[in-house]
Amino acid sequence: MEQRILSGIGCLEAALKELGTRKYLLVRDSSYPYLSIRNYIDALPAPHVVFDGFSSNPLYEDVCKGVALFNREGCDTIVAVGGGSAIDVGKCIKLFSKMEPEQNFLFQGYKDTGVPLIAVPTTAGTGSESTRYAVIYYQGKKQSITHDSIRPPIAILDSSVLKTLPLYQKKCTMLDALCQGIESWWSVNSTQESKGYSRLAVETILENMDAYIRDNDEKAAEKILLAANFAGRAINITQTTAPHAMSYKLTSLYGLPHGHAVAMCLPEVWEYMLGHLERCVDRRGPAYLKAVLDEIAERITYERFQKLLDQLEMRRPAAKGREQEIEILVDAVNPVRLNNNPVALPSDGIRSMYERIVLK
């Protein structure tokens, strides 16, 4: 299904009318009271009910409450305003809304419910507004929800939402989008379409990051928001690779935001792959992979990426030499995510990368 990208929050009223919305569920996160678009949304004539009972790592039980509210209030549309977590919650409410409420939603068959979902991202990084993926937590474990129908058919991009982001969050989310673009570019699942999105994402971020971060330039913010959307479209096709697989435990163990953690891992994986092209598992072969890595290096090299992290003052976590933490990190890497990586990564290679990340 083709996604429609609309520019500016002023498109929301017309979109709701076009959908024939009678009442919508507004899924919003803790940033909502500080957004400049809040007054516009609150003044819309279409009736709505608010759901904001979830954290930045949404629980299955939270989503169940959202599903119950959606059905109890007779809503027919979902508008998700926020970062990746809010949009993921909106996706799951859409997917679960017509399932049997007495049974666990996670173990029922997924199908398109037909419930319209409009996503309004308030950070420029996750690209969640353009993917068929969502993440929630059940019994302490991360659950990756995947279904084509949960990709929002309409995404509204409004760069004014980025003005109130703290500087550190702007850096982290921008780096997440940059990493997604690079990883998708080299993924074993890449296509001509996905590589086109990756190229656009990477080039647009590199061209606009200084003005976005340093000058808080509005035009640059628009470009970065669009670049994050391109990166989301790319990983919607390819999924992410080893840097993402290695990042999740860094986040939970050291409290690093997702984009910061991924950015710590990416140059290490990149350098390892360049030194071990003989381990290429991409069916297109090592010569193809070398050409792709050369293409990326024409825009940014792993050395320049590392310098970028230093310039942005993205510091490494400190493990204080505790070897057991390295083992925890190695053991936590999801092998499914590693399957998307174009170079096989043995456990000793992953261990050495983690040692450089947290012990250097």
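Where a number appears in this text, it was derived from the coordinates with a stated rule and is not lab data. Quantities reported herein were computed from a predicted structural model and do not represent experimental measurements. Using ideal geometry, Cβ is built from the backbone for each residue, glycine included, and neighbour counts are taken over all protein chains shown.
With a ≥ b ≥ c taken as the square roots of the eigenvalues of the C-alpha gyration tensor of the chain, please select rounded if a/c is under 1.5 and otherwise prolate if a/b is larger than b/c or oblate if it is not?
Prolate shape, in that a/c is at least 1.5 and a/b is the bigger ratio.
Taking square-rooted eigenvalues a ≥ b ≥ c of the alpha carbon gyration tensor, is region 166-359 rounded, prolate or oblate, where a/c under 1.5 means rounded and, failing that, a/b exceeding b/c means prolate?
Details: a/c = 1.83, a/b = 1.11, b/c = 1.64.
It comes out oblate by the Cα gyration axes.
Round to the nearest 0.05 the FRET efficiency obtained for D76 and Q324 when R0 = 35 Å and r is the Cβ-Cβ distance.
Numbers: r = 52 Å, r/R0 = 1.48.
My answer for the efficiency is 0.10.
Using the Cα centre as the reference, give the magnitude of the dipole from point charges on the C-beta atoms of the chain (Lys, Arg: +1; Asp, Glu: -1; all else neutral), rounded to the nearest 20 debye.
Charge dipole of the chain: 240 debye, to the nearest 20.
With Cβ to Cβ distances under 11 Å as the rule, what net charge do the other residues near S184 carry (K, R +1; D, E -1)? Numbers along the way, then the final one.
Values: positive: K195, R199, R233; negative: E183, E193.
Net charge in that neighbourhood comes out at +1.
Expressed as a whole number of Å, what is the distance separating the alpha-carbon centroids of region 254-291 and region 1-32?
Comparing the Cα centres of region 1-32 and region 254-291, I get a distance of 37 Å.
Mind checking the angle between helix 323-332 and the chain's longest principal axis? C-alpha axes, 0 to 90 degrees, to the nearest 10.
50 degrees
Can you check what the net charge comes to around M246, using other residues whose Cβ is under 13 Å from the Cβ of M246 (Lys, Arg +1; Asp, Glu -1)?
Values: positive: K249, R337, R351, R356; negative: E183, E268, D331, E355.
Counting the neighbours of M246, the net charge comes to 0.
On a 0 to 90° scale, report how tilted helix 302-311 is relative to the longest principal axis of the chain, with both axes built from alpha carbons and the result rounded to the nearest 10.
It is inclined by approximately 60 degrees.
What does the charge add up to near L206, with Lys and Arg as +1, Asp and Glu as -1, over the other residues with Cβ less than 12 Å from its Cβ?
Numbers: positive: R199, K223, R299, R304; negative: E203, E207, D210, E298.
Every neighbour counted, the sum reads 0.
Per 0.36 nm of contour for each residue apart, how much would the distance between A211 and E303 grow if the chain were fully extended, relative to their Cα-Cα spacing? Before the final figure, lay out each step's value.
Working: separation 92, 0.36 × 92 = 33.12 nm, distance 2.17 nm.
Between A211 and E303, full extension yields 30.9 nm more.
Please go through the residue pairs K23/K249; K17/K142; K23/K195; K195/K249; K249/K307; K141/K290 and name each one whose alpha carbons sit more than 31 Å apart in this structure.
Numbers: K23/K249 40 Å; K17/K142 36 Å; K23/K195 39 Å; K195/K249 28 Å; K249/K307 24 Å; K141/K290 36 Å.
Correct reply: K23/K249; K17/K142; K23/K195; K141/K290.
Assigning unit charges at the beta carbon (Lys, Arg +1; Asp, Glu -1) and nothing else, what dipole magnitude in debye, to the nearest 20, does region 4-161 show about its Cα centre? Could the numbers behind the result be given before it?
Details: 16 positive and 16 negative charges, 38 e Å.
Dipole about the Cα centre, nearest 20: 180 debye.
Want the number for Y137 to D112: 0.36 nm per residue separation, take away the alpha-carbon distance, what's left? Could the numbers behind the result be given before it?
Numbers: separation 25, 0.36 × 25 = 9.00 nm, distance 2.18 nm.
Length gained, Y137 through D112: 6.8 nm.
As I understand it, the value is the acute angle between the Cα axis of helix 347-359 and the longest principal axis of the Cα atoms of the chain; what does it come to in degrees, rounded to 10?
80 degrees
Which one, N334, A228, P346, projects farthest toward the positive side of the charge dipole computed for the chain from Cβ point charges (K/R +1, D/E -1)?
N334
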